[in-house]
1. Go through segment 89-154 and tell me which helices (runs of 4 or more DSSP H), entirely inside it, have 3 or more residues that are under 13 Å from Leu68 (Cα atoms) and in contact with a Ser or Thr (Cβ under 9 Å, 6 or more places away or on another chain).
2. Of all the residues that make up segment 20-38, how many are in contact with an Asp or Glu (Cβ under 9 Å, 6 or more places away or on another chain), open to solvent by 10 Å² or more (accessible area, probe 1.4 Å), in a strand (DSSP E or B) and closer than 17 Å to Val74 by Cα?
3. Before we move on, is Ser44 at pLDDT 90 or above, small (Gly, Ala, Ser), in a strand (DSSP E or B) and in contact with a helix residue (DSSP H, G or I) (Cβ under 6 Å, 6 or more places away or on another chain)?
4. Among the residues in segment 9-16, are any open to solvent by 40 Å² or more (accessible area, probe 1.4 Å), touching a Ser or Thr at 6+ places or on another chain (Cβ under 8 Å) and either within 23 Å of Glu90 (Cα to Cα) or in a strand (DSSP E or B) (or both)?
5. Sort out which residues of segment 65-88 are over 14 Å from Phe109 (Cα atoms) and either open to solvent by 20 Å² or more (accessible area, probe 1.4 Å) or part of a loop (DSSP other than H, G, I, E, B) (or both), and write them in order of number.
Amino acid sequence: MNVEVDQSGKFENTQTDTVLSVANYKFSYSILITNKEKRKFFTSIKHLRPSWTKHMANIQAFGIMLYLLLKPNVSKFNQIKIDTEYVGHEGVIKDRTLSLLNRHRRLIFTEQIIFRQIGKNSPSHATAIAVFRKILSPNSTIISQDILKVIPKE
């Protein structure tokens, strides 16, 4: 099954919730992290990784959120097209996501993940925006600790 991933509400915007959705025309799955939990994440990451800039924390968090989004269903996916959210950092995001999936025995190959622009007509965009606007409920709500517990050791 080929799927697309989209985000609504940038992770770095701590005034709004963030939703990630993976979907196609027959399947959808979404996760949500509230603005309150994102603020907790940024407070904690300052102490855990003082050398990280806020931008690096965003990129790492996005990769980990992708892992949390894909993990329950990744064995069903042939190709995963991810919307370009952090241009120029796709390699870091892909490495983080693949590393976590493979470490937790969710085997996936690097060529199965590609980064492309996802349009407004994408099912993943429709799901993400509907959850963001509270029209749909997310499949899972994550907390800051879900992200922090898989931050790589330095």
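The values are calculated or read from the model by the stated rules, or taken from the named source; none is laboratory data. Every value quoted in this text rests on a predicted model; they were computed, and no experiment measured them. We place every Cβ from the backbone using ideal geometry, glycine too, and count neighbours over all the protein chains shown. When the accessible area is computed, the model is the full protein with side chains, heavy atoms only, and any ligands, DNA or RNA have been set aside. Shrake-Rupley method; radii C 1.70, N 1.55, O 1.52, S 1.80 Å.
1. In segment 89-154, the matching helices (runs of 4 or more DSSP H) lie at 144-148.
2. Residues meeting the conditions: 0.
3. Values: at pLDDT 90 or above: yes; small (Gly, Ala, Ser): yes; in a strand (DSSP E or B): no; in contact with a helix residue (DSSP H, G or I) (Cβ under 6 Å, 6 or more places away or on another chain): yes.
Against the criterion (at pLDDT 90 or above, small (Gly, Ala, Ser), in a strand (DSSP E or B) and in contact with a helix residue (DSSP H, G or I) (Cβ under 6 Å, 6 or more places away or on another chain)), Ser44 does not qualify.
4. There is at least one residue in segment 9-16 that is open to solvent by 40 Å² or more (accessible area, probe 1.4 Å), touching a Ser or Thr at 6+ places or on another chain (Cβ under 8 Å) and either within 23 Å of Glu90 (Cα to Cα) or in a strand (DSSP E or B) (or both).
5. Pass one, segment 65-88, residues over 14 Å from Phe109 (Cα atoms): 65-66, 68-69, 72-73, 82-88.
Once the filter is applied, which keeps residues that are over 14 Å from Phe109 (Cα atoms) and either open to solvent by 20 Å² or more (accessible area, probe 1.4 Å) or part of a loop (DSSP other than H, G, I, E, B) (or both), segment 65-88 yields Leu68, Pro72, Asn73, Thr84, Glu85, Tyr86, Val87, Gly88.
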